[in-house]
Structure formats: structure tokens, C-alpha cells
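Step one of this worksheet: look at the structure below.
Every number in this text was worked out from the coordinates using simple rules, so none of it is lab data. Everything quoted here is computed from the prediction, not taken from an experiment. Don't worry about glycine lacking a Cβ; one is built from the backbone with ideal geometry, like all the others, and counts go over all protein chains shown.
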Amino acid sequence: MHDSQEAVPARRIVVTTPEHVELRFETAGIGSRVGAQLIDTLVLLLINAALTLAWLLAFELVPGEAAAWMEDTAAAVAILALAAVNGGYFLIGEYATGGRTIGKRAMGLRVIQDNGRPLSFLAAVIRNLLRVIDTLPMLYVVGAIVSFLHPHDKRLGDLAAGTVVVYDVGGAKRRTKRMEKQLAAWAPFFPELTLEPWARERVNEEEWAPLAAFAERLPYLSPGRAEELARGLVELLAPKLELADRWTEALEAEAAAREALRQGTPPPASGASQARGRSVPVAWALAIYAELRTDWELPQGAGGGA
């Protein structure tokens with residue numbers, strides 16, 4: 001059902017080389033890219049602080065006449081130097097390291113071209129020139145919105161340059177470990193689900209993609225938003241998986257638990273998840289994800305080299 005030549009799940013790309021070798025990549029979601037960007041921003045702050053401190057120390061140590069000259073010209077030189085460092089960090093960092101800045105390396109990500117080849121210098125220039133627009137109006141709001149809506153998580157710079165950010169093999173392994181930890185933390189609150197093969201076949205790519213995105217982005221969502229998204233996903237998938245009746249019962253049990261908590265009486269056992277601060281919709285969404293992921297997730301280590 002998931003032959004790569006028939007259907008490629010969203011957030012995965014398959015590239016066929018001239019030698020007819022298929023390379024499979026999993027595109028990096030907004031959560032991992034935000035993490036990489038935060039690390040790179042911290043690195044840049046440290047570099048800027050070091051350069052500023054070095055300039056101030058040099059200004060204090062030079063003789064008086066030289067200091068007078070520096071007072072007239074050093075500010076302009078310092079501004080140009082800082083602009084070059086901040087502008088060149090991503091360009092040089094990505095092109096010279098196979099698409100990995102320090103932040104991307106830490107998060108197990110890399111930038112490649114759409115054809116699976118390593119990032120070219122021209123592509124690196126284009127995607128980083130467009131970074132100015134992606135950062136508008138602040139904190140990469142435009143880039144985050146475009147990336148969230150694009151099936152391969154591309155920002156404007158990626159669209160213009162023909163590039164995509166993917167998990168490398170090591171990054172895929174780390175992502176899998178993070179997901180396993182998240183599922184293990186929620187597992188005690190999962191409903192007992194047994195999905196028949198014919199029911200699993202009903203779930204298509206358009207339904208799996210938002211479920212997988214929800215599971216990955218859950219740590220970055222507020223509790224209210226997470227519950228809202230989870231409820232919509234379960235309401236979409238439960239009828240297809242023949243779980244509609246059980247889902248209704250779970251909601252009724254959750255409502256009873258909330259009412260019991262409001263009145264100060266012990267909640268029913270079926271409402272234990274809600275009573276212990278765990279969202280029933282989120283638990284259901286993750287349980288369905290855990291059951292279906294073996295049908296859709298790429299095999300471990302299938303991320304292909306670039």
C-alpha cells in the first residue's frame with residue numbers, strides 16, 4: 001500500500017539517481033528547524049559578543065593617537081564586520097559543511113537540493129538571501145507559516161533555491177529516540193487498540209500526514225491547542241478505524257471525570273487519564289499514531305545519504 005512509486009507520504013521525498021538508485025529522505029518539521037535555529041542564533045550571539053568585546057579591548061589598549069583614528073573609522077568597520085559575520089554564518093556554514101550549520105548538526109538536520117545532491121554554492125546564496133524575507137515581521141514568522149503549510153516543510157528560501165531540509169541518518173535515529181520517549185510517557189494512558197488490517201488500509205496519506213505532524217510537534221504545543229488538534233484528528237480517524245463507539249464512550253468518561261473533579265468526588269476509573277492531568281484526546285491521537293506508524297514510517301536508517 002505504500003510503495004514509493006505509487007504514493008510518497010507527505011514529509012517524505014524519494015529521489016531516483018541516474019543510476020536508478022532510490023534515495024529516501026524525511027523532511028525536517030518545524031519543531032526540529034526551530035531548535036536548530038535557536039542553537040545557531042545562540043552561536044551567533046556568542047560570536048557577536050566576542051567580536052564586540054575584542055573591539056572594545058583593542059580600543060582601550062591602543063595609544064592615544066591611534067585611538068583618535070579608531071574613533072572616527074572603527075565603528076563603520078565594526079558594523080561591516082558584524083554584518084559579514086552574521087550574513088556569512090549561514091551561507092558558509094551550510095555550503096562548507098554539507099548543508100549543516102552548528103544548529104542543524106546538533107539537531108541531526110542537513111540542507112540538500114531537491115534532486116538529492118549536496119547543496120550548491122548558488123543554492124546556498126539564494127536560500128540565504130531569502131532568509132531576510134522569511135524572518136519578517138520577526139522571529140521567522142513568514143518562514144514558519146510557509147513551512148507549516150508546505151508538504152515538504154519548505155520556507156520561501158527553499159522554494160526559490162530548490163532545496164529542502166531533511167533528517168540525516170543520525171538525525172533520524174535521534175528523532176526516533178525522542179518519539180519513543182514521548183510515546184513511553186503517554187503509554188500508560190493509551191486506550192487498548194487492536195486495529196484490523198482492513199481498517200488500517202482505510203487511512204490514506206492525507207490523514208496520516210497531519211497525525212504524524214501532530215505527534216512530532218506535540219512538545220511545542222500548548223495544552224489547549226494540543227487537545228484541540230488531537231480531538232479533530234481522532235474524530236476524523238475513529239470512524240475509519242471502527243473506533244467511533246469507543247471514542248464516544250471515552251469522551252463521556254472524560255466528561256464524567258471533569259464533573260467529578262468539579263464536585264470534589266472521586267472520578268470513575270475510566271476517567272483516570274483526565275484526572276491525572278492527561279488529555280484523553282491527546283492520548284487517543286498518540287495511541288492511533290503508535291499503531292499506524294509501522295505502516296507509514298520509513299525503516300530505520302532509510303534516510304539515504306546526501
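See the values below:
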quantity: Förster-model FRET efficiency, 35 Å R0, Asn115 and Phe148, C-beta, rounded to 0.05; calculated: 0.90
quantity: Check: the range 75-214 dipole with +1 on Lys, Arg Cβ and -1 on Asp, Glu Cβ, in debye; calculated: 640
quantity: For the range 182-195, Karplus couplings with θ = phi - 60° (6.51, -1.76, 1.60), whole Hz, Gly/Pro x; calculated: 5, 5, 5, 5, 8, 3, x, 9, 6, x, 7, 10, 10, 9
quantity: Isotropically averaged projected area of the range 81-229, using the convex hull of Cα atoms (one quarter of hull area), nm²; calculated: 11.5
